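Comments concern the structure below.
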């Protein structure tokens with residue numbers, strides 16, 4: 001038996017678990033035995049015995065017996081691994097919160113980034129080469145097929161993984177073959193962004209709020225702020241030295257995100273949305289600039305070459321000086 005299993009059973013005696021779940025037993029025979037109605041089948045005469053010295057149970061009615069883990073497997077219909085996760089959760093609920101789950105998930109994905117060539121190749125393809133930036137933002141990779149086992153071995157319940165959206169109804173990794181970037185809000189991970197390296201369903205978030213503007217705690221004190229649509233635009237501009245860049249995860253700000261931009265009336269805002277062929281990005285940028293003007297801020301819409309966003313602009317050969325020229329032009333329009 002694994003040492004962690006034995007340690008867990010010592011911390012949670014079988015009788016204590018049963019009593020916590022409503023089982024009423026009475027002493028019988030030796031001082032180490034209790035008997036009561038069996039929780040595993042319907043009966044009217046007590047036939048379920050618990051030996052507290054051996055930490056074992058046996059039911060003379062249904063013939064089932066074993067230790068605490070075996071009882072949980074039978075009572076809740078769980079596998080051995082999920083039973084162990086359930087018991088660890090019972091013992092230390094604070095260690096298995098959603099916050100802890102996301103922290104462990106990010107660490108797991110981060111540990112896989114360097115060991116999968118396809119992940120490094122995709123970042124190179126998108127022009128993201130600064131290893132210190134990748135490490136600072138805890139960027140990772142989801143290879144698939146291994147996250148569930150890793151998290152349940154730590155003690156997280158499968159139902160929490162499903163509830164959070166990290167695995168789907170078939171227990172598959174939601175972010176399979178995706179570069180994963182955590183979204184933080186004041187040091188707390190509030191969501192994960194996954195960018196597919198295969199092009200299938202390219203953008204994915206967990207089904208939960210995305211929080212405020214990306215990395216706002218690092219941008220907030222800057223006298224001017226660049227707002228872009230996507231996280232790869234943020235990475236590109238940070239890498240080029242424009243560390244005052246943030247992202248709204250699309251072309252439309254939520255009310256809390258808009259309030260963040262307006263928390264300092266002296267802030268100058270540059271909106272560098274995608275230069276779409278259909279004009280959607282430019283239209284959204286102009287609307288945001290108008291809202292910011294109405295709120296009393298100085299704001300400008302940045303014009304990029306047609307069909308470019310900041311990431312593709314740099315991939316096409318633009319330099320930091322070229323992008324700065326776009327900012328200067330927007331300021332003087």
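Just so you know, all these numbers are worked out from the coordinates, no wet-lab data involved. As the structure is a computational prediction, the values presented were derived from the model and not from experiment. Every residue, glycine among them, receives a Cβ derived from its backbone with ideal geometry; neighbour counts consider all protein chains shown.
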Review point. Taking region 134-153 only, how many residues are in a loop (DSSP other than H, G, I, E, B) and without any contact (Cβ under 8 Å) to a residue 24 or more places away in the chain?
Key: 0
Revision key, fill the gap. In region 114-133, residues that are in a helix (DSSP H, G or I) and either over 19 Å from residue 177 (Cα atoms) or touching a strand residue (DSSP E or B) at 6+ places or on another chain (Cβ under 9 Å) (or both) total 8
**Study point:** Residue identified as within 16 Å of the chain's Cα centre (by Cα) and farther than 22 Å from residue 122 by Cα among 195, 204, 210
**Key:** 210
Exercise for review: Search region 55-77 for residues being outside any helix (DSSP H, G or I) and without any contact (Cβ under 8 Å) to a residue 12 or more places away in the chain, and hand back the single one that is farthest from residue 188 (Cα to Cα).
Suggested key: 63
Practice item. Check region 17-36 and report whether any residue there is surrounded by fewer than 16 Cβ atoms within 10 Å (Cβ to Cβ) and part of a helix (DSSP H, G or I). Key: yes
Review point. Scanning for something out of contact with any helix residue (DSSP H, G or I) (no Cβ under 7 Å at 6 or more places or on another chain), over 27 Å from residue 194 (Cα atoms) and surrounded by 15 or more Cβ atoms within 10 Å (Cβ to Cβ), does region 86-97 turn up at least one residue?
Key: yes
